[in-house]
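Just below is one structure, and these are the notes that go with it.
The values are calculated or read from the model by the stated rules, or taken from the named source; none is laboratory data. What you see is a predicted model, and the numbers here were worked out from it, not measured in a lab. Reconstructed Cβ throughout: ideal geometry from the backbone, glycine too, with neighbour counts over all protein chains shown. In case anyone asks, the SASA skips ligands and DNA or RNA and just uses the protein heavy atoms, side chains included. Shrake-Rupley method; radii C 1.70, N 1.55, O 1.52, S 1.80 Å.
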Amino acid sequence: MSDEPNIRQRLADNLRRLRKERGWSHEDLAAIGQIHRTQIGKIEQARQNTGIDIIERLAKTFGVEPGDLLNSGSPQPSDRSSDNTDP
């Protein structure tokens, strides 16, 4: 068995990291991503199976690809990001 976190834990870790990098509270992310704050808390605690629609909404909110939220490592902004600006 691998020591790598399961997919639910990877989603939790990536979501928490992205939220904190932006200085957002659960309430901030809930308002921006249109997801209930208690659901965000459950996702970050790896206590909830999260549907693809929510994963896609979270990815769009953070400007990353949905698969990036499920992978190990730090998600990188995608070209789809609404706040992505060229230097």
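Backbone geometry of region 11-17 corresponds, through the Karplus equation with coefficients 6.51, -1.76 and 1.60 at θ = phi - 60°, to 3J(HN,Hα) couplings of 4, 4, 5, 5, 4, 4, 5 Hz, x marking Gly and Pro.
Backbone geometry of region 24-30 corresponds, through the Karplus equation with coefficients 6.51, -1.76 and 1.60 at θ = phi - 60°, to 3J(HN,Hα) couplings of 8, 7, 4, 5, 4, 4, 4 Hz, x marking Gly and Pro.
Net charge near Ile40: determine it from the other residues with C-beta under 12 Å of the C-beta of Ile40, scoring Lys and Arg +1 and Asp and Glu -1. Walk me through the intermediate numbers first.
Numbers: positive: Arg16, Arg19, Arg37, Lys42, Arg47, Arg57; negative: Glu27, Asp28, Glu44.
With Lys, Arg at +1 and Asp, Glu at -1, the neighbours total +3.
Overall, the accessible surface of region 5-79 at a probe of 1.4 angstrom is composed of carbon and sulfur to the extent of 45 percent.
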